[in-house]
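Right, one structure below, let's go through it.
The values are calculated or read from the model by the stated rules, or taken from the named source; none is laboratory data. From a predicted model like this one, the values you see are computed outputs, not experimental measurements. Positions of Cβ are generated from backbone atoms using ideal geometry, with glycine treated the same way; all protein chains shown enter the neighbour counts. These accessible areas exclude ligands, DNA and RNA; they are computed on the full protein's heavy atoms, side chains included. Shrake-Rupley method; radii C 1.70, N 1.55, O 1.52, S 1.80 Å.
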Amino acid sequence: MTHRAVPFFDYRSLFSSHENELLAIVSEVGRRGAFILQNDLAAFEEELSGFLGARWALGVGNATDGLHFAVRAAGVGPGDEVILSSHTMIATAAAIYFAGAVPVPVECGADHLIDPAAVEAAVTARTRAVMPTQLNGRTCDMDALQSIADKHGLLIIEDAAQALGSKFKGRCAGTFGAAGAISFYPAKVLGCLGDGGAVITNDNAMCQRMYQLRDHGRNASGKIVSWGLNSRLDNLQAAILGFQLKKYDRVMARRRCLASLYTERLKDVADIVLPPAPDSDPDRFDIYQNYEIEAERRDDLQRYLKDRGIGTLIQWGGQAVHHLKVLGFAQNLPYTDSLFTRLLMLPINMSLSDDDVHYVCDNIRACCGYPIG
């Protein structure tokens, strides 16, 4: 194998791959002086809601703020509990905490998504909502979660930060519950050149409240009608995202092709567990925000790949939410504990070539004692 560098994510390529177009957008927006709450944002919000099949999309400063606004707009607050998967970013729990409610992390399942049985077991008289994380570009079993929510009178608020375009039974992540939040962090499948996010809802009252929360409590006419914060997706990032959204179908298709290549090259390696292959589940359309495998000798494999120029990542720095004892979590989640000794994310992004994937797979096979050819 000829040594090559395969970074986990090449942030420079996000700009350099479309440098001329992006510079033209910056110049055009700048010449108009259109920076905050202008037509580019309104146009992007309309395009995004149309893409998702949702009634409303609101651009916000980041997905964490979006989740926080959704929790508050739904009336969840002090005295309430919200159930979430422990396999998620701390931002999911923080959105709940800063609304005054209590985040309750539970086990994930074999698919790395929230386990509906664990959700059911965690429901108490104080439980007000469930916040599933649509992780790695895959959507949870929303039928099972909705059944639990209906049984106990709970809200569903989706952390769809990693799942723009992911579907369950033909319906997009972020559109199942009272609201959902999406991230446009640069490394996301749809990324901007900084922080950015959106909240999605089909509920008019939720939309109006979140609209106020993102802009100092102002309503659509500009009148202050409630307490609010300041978290608006700026117009320049919205214009960039609008440009990116126009080619998003091709981006999703390419990532699914890369996932298929990983599957084909690694499906016989007994030492690792792969994520579901594209089209392996008729109920799901996965977009492969991440390609998260399980490896029995995870740390050895990561070192082996690093020595050969291949970047990998252990999600959340190797800490599930319930591991963060400094924040007061005390749950005992043995399945998630065990899983977090094996998780490793391989490179999957638009700067990756087929040859890069073959190089990664050749090295994984060599490390695990499998023939390369």
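Restricting attention to segment 308-327, the residues that are under 15 Å from Ala91 (Cα atoms) and outside any helix (DSSP H, G or I) add up to 3. Against the definition (outside any loop (DSSP other than H, G, I, E, B) and of a type in the set (Ser, Thr, Tyr)), how does Tyr335 come out, yes or no? Judged against the criteria, Tyr335 is a match.
Counted as qualifying within segment 23-121 are the strands (runs of 3 or more DSSP E) with 3 or more residues that are β-branched (Val, Ile, Thr) and touching a residue at least 24 places away in the same chain (Cβ under 8 Å), namely 102-106. In the set (1) touching a residue at least 60 places away in the same chain (Cβ under 8 Å); (2) open to solvent by 10 Å² or more (accessible area, probe 1.4 Å), the condition left unmet by Ala253 is number (1). Is it the case that segment 62-71 has a residue that's buried (at least 20 other Cβ atoms within 10 Å of the Cβ), under 20 Å from the mean Cα position of the chain (by Cα) and either among the charged types (D, E, K, R) or farther than 19 Å from Ala173 by Cα (or both)? Checking segment 62-71: at least one residue is buried (at least 20 other Cβ atoms within 10 Å of the Cβ), under 20 Å from the mean Cα position of the chain (by Cα) and either among the charged types (D, E, K, R) or farther than 19 Å from Ala173 by Cα (or both). One residue stands out among those in segment 256-270 that are hydrophobic (A, V, I, L, M, F, W, C) and part of a loop (DSSP other than H, G, I, E, B): the one that is least open to solvent (accessible area, probe 1.4 Å), which is Val269. In segment 275-315, which residues are open to solvent by less than 60 Å² (accessible area, probe 1.4 Å), aliphatic (A, V, I, L, M) and under 24 Å from Leu164 (Cα atoms)? Within segment 275-315, Ala277, Ile287, Ile293, Ile314 meet the criteria. Within segment 233-250, being in a loop (DSSP other than H, G, I, E, B) and either open to solvent by less than 10 Å² (accessible area, probe 1.4 Å) or of a type outside the set (D, E, K, R) (or both) holds for one residue alone: Leu233.
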